[in-house]
Amino acid sequence: MTDTLFDKIIRRELPADIVYEDDEILAFRDIHPQAPVHVLFVPKKSFATLNDCTAADAPLLGRLLLAASTWARREGFADDGYRCVINCNRGGGQTVYHLHLHLMAGKQMPERMV
Ligand code: 5GP
């Protein structure tokens with residue numbers, strides 16, 4: 001498994017603007033935000049891509065989604081709305097090979113992704 005910059009952020013070897021943490025998940029603001037709110041929810045367990053998750057990881061994937069929705073509610077924009085995205089591999093636009101969920105909010109998201 002490659003040691004990515006997200007692993008270094010999880011180990012506090014690189015700085016990040018951390019907004020949420022529990023035993024399994026760390027969330028921090030994206031360094032190049034695509035929206036007024038752009039937070040990355042990252043499992044501390046390292047998977048390179050979504051393709052590397054199995055049925056055994058379903059509870060963790062569920063908790064990743066729930067961490068994002070709970071944080072959105074806590075921050076007060078859940079009802080207004082937000083977008084969650086997971087990019088997978090090069091064709092999906094993934095650039096950091098440690099599974100992560102993008103949560104974006106604070107502007108009207110385009111209806112179409114492309
Ligand atoms: P991907 O393209 O893999 O889905 O998303 C990777 C995201 O990580 C990008 O949105 C990029 O801006 C963000 N990113 C890359 N390097 C850093 C960093 O050092 N710190 C933070 N906070 N975000 C980063």
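Read the figures in this text as sums done on the coordinates, not as results from a lab. Just so you know, these numbers come straight off a predicted model, no measurement behind them. Note that each Cβ is placed from the backbone with ideal geometry, even for glycine, and that neighbours are counted across all protein chains shown.
So the values come out like this:
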| item | result |
| --- | --- |
| Search result, residues across segment 76-108 that are within 15 Å of the ligand (Cβ to nearest atom), touching a residue at least 12 places away in the same chain (Cβ under 8 Å) and part of a loop (DSSP other than H, G, I, E, B) | Ile86, Asn87, Cys88, Asn89, Gln94, Val96, Tyr97, His98, Leu99, His100 |
| Top-ranked residue of segment 35-73 - restricted to ones that are touching a Cys at 6+ places or on another chain (Cβ under 7 Å) and over 12 Å from Cys84 (Cα atoms), ranked as farthest from the ligand (Cβ to nearest atom) | Leu61 |
| Residue check for Ile86: over 18 Å from Asp3 (Cα atoms) and either crowded, with 16+ Cβ neighbours inside 10 Å or of a type in the set (A, V, I, L, M) (or both) | yes |
